[in-house]
1. For the subset of region 277-307 comprising residues that are more than 41 Å from the chain's Cα centre (by Cα) and not in a helix (DSSP H, G or I), which member is modelled with the highest pLDDT?
2. Suppose we keep only residues that are among the aromatic types (F, W, Y) and surrounded by fewer than 24 Cβ atoms within 10 Å (Cβ to Cβ) within region 167-225. Which one would you say is nearest to L310 (Cα to Cα)?
3. Does region 47-91 hold any residues that are part of a strand (DSSP E or B), in contact with a helix residue (DSSP H, G or I) (Cβ under 9 Å, 6 or more places away or on another chain) and within 20 Å of I9 (Cβ to Cβ), and which are they?
4. Test A352 against the stated conditions and say whether it is touching a Pro at 6+ places or on another chain (Cβ under 6 Å) and not polar (S, T, N, Q).
5. Which numbered condition in (1) part of a loop (DSSP other than H, G, I, E, B); (2) buried (at least 17 other Cβ atoms within 10 Å of the Cβ) is the only one that G321 fails?
6. How about region 144-155: which of its residues are of a type in the set (S, T, N, Q) and surrounded by fewer than 16 Cβ atoms within 10 Å (Cβ to Cβ)?
7. Can you give me the number of residues within region 345-370 that are within 22 Å of G128 (Cα to Cα) and either free of Cβ contacts under 8 Å to residues at least 24 places away in the same chain or small (G, A, S) (or both)?
Amino acid sequence: MDSEAGFTISEEGEGHGTLALSGPWLVSSIGALERDLHDIEGPLARIDLSDVSEIDTVGAWVACDLAERLDAEVVGASDRATRLMEAVCDLGGGLKLAAPREAVWKRITANTGEKVYSARAGIYGVVGFLGAILSASGTLIRHPSRFRGKALVRQMELVGVAALPIVGLMSFLIGIVIAQQGAVQLSQFGAETLTVNLVGRITLRELGVLMTAIMVAGRSGSAFAAQIGTMKLTEEVDAMRTIGIAPIEALVIPRILAATLMMPLLGFYASVMAIVGGATISNFALGIPFLNFLERIQDVVPIYDLWVGLIKAPVFGLIVGLAGCYHGMQVKGDSEQVGLRTTLAVVSAIFAVIVIDAFFAVFFTKLGWA
């Protein structure tokens, strides 16, 4: 009895050859034949299993695969080989490898229903988180000694002072772009001097605080989510509860207050830097002296544009702080959740800021601050 699997091919004309398998066709013996079997080209008339001494499910599957690929008929199979081949492959109609799928309209309906149902849990989580913040705020109002002033100062430093270089550089470059592109368009109408109006109003009213909010969301909002989420994974938050420290009071409220308090300052600073950037490029490209540009700003920009930006800024900071802390507190399971929740914190904060900014635009227009 052969101790190794083998095969021979007898040529009887094109499409009439026979592939004869021999020896033990077992998982332990047919591995060496894999490359040779793959090189066999069909079609063949028959695959003869008469000389196969032993066969298992792997050997039966290989025989079925050869029969399908070479368009050949299996002959000479023993009772055991026949049973195994019937079990592992469908010689009549081919083996279906793809799982059955529902109709498209059923899949869409089911997925929509699942997302709506999961949104309910998200709404419950947000409402519960806001309730916990209000409850902790009430406790701090009744017991001011529990408020962590050092934590607030530290977060204000991280959110505000440490962000000054990047916010200033970004705003300066945005001011340059607005002034340069605005001058190109206005020059078609001979109104290059209105570049001062464009830069002053759009930065103080909209872009200064909006771009700052986006920067704070990407920089501080993501940090809030990552820091709190990591503390959740390492069970530091649970340890704080065990020793009697409320995580909302110690971790969440200082961060939210820091983002809310520092956003007006950062927004005003960003607007000033954007105006300086516009004045700089105007001095070189438009021939408007730097100091004249700044003096003209005072004449053409109404004071309510400044108030519009300053009113929106703390609201944007509150949204960024809430989004970052909420998603940080929702981390559970494994480290992958930290990255997922950090991404969600930034995306949800930016989306909410833009939506609220649109509402503010309509609101201030109704007030006559257009």
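1. The extreme case among them is P289.
2. F172
3. I47, L49, V52, I55, E73, V74, listed by residue number.
4. Against the criterion (touching a Pro at 6+ places or on another chain (Cβ under 6 Å) and not polar (S, T, N, Q)), A352 does not qualify.
5. Looking at each condition in turn, G321 falls short on (1).
6. If the condition is that a residue be of a type in the set (S, T, N, Q) and surrounded by fewer than 16 Cβ atoms within 10 Å (Cβ to Cβ), then S145 is the only one that fits.
7. Residues flagged as within 22 Å of G128 (Cα to Cα) and either free of Cβ contacts under 8 Å to residues at least 24 places away in the same chain or small (G, A, S) (or both) within region 345-370 amount to 6.
Each row is one residue, and each column tells you yes or no for (1) surrounded by fewer than 13 Cβ atoms within 10 Å (Cβ to Cβ); (2) in contact with a helix residue (DSSP H, G or I) (Cβ under 6 Å, 6 or more places away or on another chain); (3) among the basic types (K, R).
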{"site": "L134", "(1), (2), (3)": "yes, no, no"}
{"site": "R142", "(1), (2), (3)": "yes, no, yes"}
{"site": "E157", "(1), (2), (3)": "no, no, no"}
{"site": "L164", "(1), (2), (3)": "no, no, no"}
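The values are calculated or read from the model by the stated rules, or taken from the named source; none is laboratory data. Here the structure is a predicted model, which means the values were calculated and not measured. Positions of Cβ are backbone-derived with ideal geometry, glycine not excepted, and every protein chain shown enters the neighbour counts. For the accessible areas, the whole protein counts, side chains as well, though only heavy atoms, and no ligand, DNA or RNA atoms are used. Shrake-Rupley method; radii C 1.70, N 1.55, O 1.52, S 1.80 Å.
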